[in-house]
Amino acid sequence: MSGEDNRRAPLSVLVPVKNEAANLRDCLASVSFADEIVVVDSASTDGTQDLATTAGARVVQFAWNQKFPRKKNWSLQNIPWRHDWVLIIDADERITPELEREIRSAIRRPNLDGFYLNRRFWFLDGWINHCGYFPSWNLRLFRHRKGRYERVEAGSGFNSGDNEVHEHVLLNGRADYLSAPMEHYAFPDITTFIEKHNRYASWEAAVRAQLCRRSGEETLRPNPFGTALQRKRWLKRFTRRAPFRPTLRFFYHYVWRQGFRDGYRGWILCRLLAWYELVSAAKARELTLCGARRESC
């Protein structure tokens, strides 16, 4: 077992999966210091369930009814967690020994309810340290009664799956930041990056209008003076009609966020992010035109 303390930490871990046999073994090994590990599966067919059980995790099956809540919120609400603190980690992510030590210390702090973890992305053959992709803060460690993922719907006709992917946690309490990064192996190759971001573009195009209209408690509201995530959402709203958005996004990531310091990896990633901006904007326009045609019929 990793870390300076071989005792199990009083921590529950939630791992949402579907057909993640290729990634799950290393993921579960990285959180083996936790006293409880729950893998929430969606009828995997690649041996994911057997792999999780062999690793000592408890497997819970989730069947989505196409309505709210999705997998993570459902798990937070319905699983009888053994501990107050829950860590949410995807199968393609890893907790390092340095981060494990920070987590062990963090959950003993009495006056806080959550912690942001900093993800570091592996791209091509190395880590991305700039490009606006690092630091990348996500609220992943929190008291399970205090946090829920925001409710963001893409509308009918857009199946974004049964799991929260782009949604962020809304915490009813105080949060702090842990410094050691979490490793994220989201894009093993360029093909995977393009396939995922094509799906993301469809989702973002469908949801963008709803995010601009909604400002309720279940949605993280855009705010130029708020958290990093709120500022990012505000910037997307502010620039959504700007001309040359793909070019602007390239310069934002490559120049302003110093993607050039990541060498050829930074160049390729920033060009791909500009492509993603073009596809997302084109799909949003397509939806607008299709909607106008339907209304005129």
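Specify the residue that is farthest from S179 (Cα to Cα); the eligible residues are those in segment 57-103 that are small (G, A, S) and in a loop (DSSP other than H, G, I, E, B).
Filtering first and then ranking leaves A63.
Would you tally the residues in segment 95-118 being surrounded by fewer than 19 Cβ atoms within 10 Å (Cβ to Cβ) and under 28 Å from W267 (Cα atoms)?
Residues meeting the conditions: 2.
Can you run down the residue pairs with Cβ atoms below 7 Å, 6 or more apart or on separate chains, where the first is in segment 107-132 and at negative phi and the partner is among the β-branched types (V, I, T) and modelled with pLDDT of 95 or more?
If the second residue must be among the β-branched types (V, I, T) and modelled with pLDDT of 95 or more, the pairs left are F121/I128.
Identify all residues within segment 171-189 that are outside any loop (DSSP other than H, G, I, E, B) and at pLDDT 95 or above; write none if there are none.
L171, A175, D176, Y177, L178, S179, A180, P181, M182, E183, H184, Y185
Matching residues to (1) of a type in the set (F, W, Y); (2) closer than 12 Å to R148 by Cα; (3) crowded, with 16+ Cβ neighbours inside 10 Å; (4) in contact (Cβ under 8 Å) with a residue 24 or more places away in the chain:
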{"position": "A52", "(1), (2), (3), (4)": "no, no, yes, yes"}
{"position": "A57", "(1), (2), (3), (4)": "no, no, yes, yes"}
{"position": "Q61", "(1), (2), (3), (4)": "no, no, no, no"}
{"position": "N65", "(1), (2), (3), (4)": "no, no, no, no"}
{"position": "N73", "(1), (2), (3), (4)": "no, yes, yes, yes"}
{"position": "L76", "(1), (2), (3), (4)": "no, yes, yes, yes"}
{"position": "P80", "(1), (2), (3), (4)": "no, no, no, no"}
{"position": "D84", "(1), (2), (3), (4)": "no, no, no, yes"}
{"position": "I89", "(1), (2), (3), (4)": "no, no, yes, yes"}
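Taking the conditions exactly as written (assigned to a helix (DSSP H, G or I), among the aromatic types (F, W, Y) and either surrounded by fewer than 15 Cβ atoms within 10 Å (Cβ to Cβ) or modelled with pLDDT of 85 or more (or both)), does W275 satisfy them or not?
Criteria met by W275.
Considering each of L51, L14 in turn, give the residue that is in the same structural domain as D92 (by TED's automatic domain parsing) and more than 17 Å from H83 (Cβ to Cβ).
L51
How many of the residues making up segment 146-170 are among the hydrophobic types (A, V, I, L, M, F, W, C) and at pLDDT 90 or above? Break it down into steps so the answer makes sense when it comes.
Of the residues in segment 146-170, the ones among the hydrophobic types (A, V, I, L, M, F, W, C) are 152, 154, 158, 165, 169-170.
Keeping just the survivors that are at pLDDT 90 or above gives 169-170.
Counting residues in segment 146-170 that are among the hydrophobic types (A, V, I, L, M, F, W, C) and at pLDDT 90 or above gives 2.
The values are calculated or read from the model by the stated rules, or taken from the named source; none is laboratory data. From a predicted model like this one, the values you see are computed outputs, not experimental measurements. Backbone-built Cβ (ideal geometry, glycine too); neighbour counts: all protein chains shown.
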